[in-house]
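Take a look at the structure below.
The values are calculated or read from the model by the stated rules, or taken from the named source; none is laboratory data. Since the model is a prediction, treat every value here as computed from it, not as a measurement. Counting neighbours? That spans all protein chains shown, and the Cβs are built from the backbone with ideal geometry, glycine included.
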Amino acid sequence: MGVAALVLGIISTLLALNPFIFFIAVPLGILALVLGIVGRKAALANHTQAGPATAGMILGIVACCVSLMLVLFCSMVIRSAKKAVDETISKPIQEAIEKAKKDPEFDEAFKKAMEDAAKRQQK
């Protein structure tokens with residue numbers, strides 16, 4: 001169990017450092033943590049080495065922490081990008097729409113375009 005925890009801990013830590021597949025590291029890190037706890041208890045009960053199990057536990061915890069920090073970082077980046085898009089694109093578009101709604105020339109042109117479209121559809 002200790003060696004399995006160590007291997008999973010190493011793999012999950014390496015996956016946590018990869019910015020494209022870091023989310024896979026969380027379940028592997030949790031599995032490494034569980035196997036490390038079980039392996040450490042078994043090693044202490046059998047009076048054998050608990051080093052690999054302990055290292056697997058630590059690496060599993062590190063992988064989970066790094067992955068969760070990357071999730072928080074990505075969510076902050078997405079939130080700020082959405083805010084920037086709203087401020088730079090959505091706001092001016094909404095203002096232009098409101099301005100066009102109040103413009104009588106636009107209203108007449110829109111009505112004429114709708115009538116033309118209705119005539120074409122009837123043909």
Self-check item: Scan of region 72-108 for residues that are at pLDDT below 90 and β-branched (Val, Ile, Thr), ordered by number
Solution: VAL85, THR88, ILE89, ILE93, ILE97
Quiz item: Taking the stated definitions as given, is VAL38 surrounded by fewer than 18 Cβ atoms within 10 Å (Cβ to Cβ), more than 11 Å from SER67 (Cα to Cα) and in contact (Cβ under 8 Å) with a residue 40 or more places away in the chain?
Solution: no
Practice problem: Working carefully through the options LEU72, LEU59, find the one that is exposed (fewer than 13 other Cβ atoms within 10 Å of the Cβ) and either assigned to a helix (DSSP H, G or I) or hydrophobic (A, V, I, L, M, F, W, C) (or both). | Solution: LEU72
Quiz item: Could you say whether any residue in region 70-77 is farther than 30 Å from ALA5 by Cβ and without any contact (Cβ under 8 Å) to a residue 60 or more places away in the chain?
Solution: yes
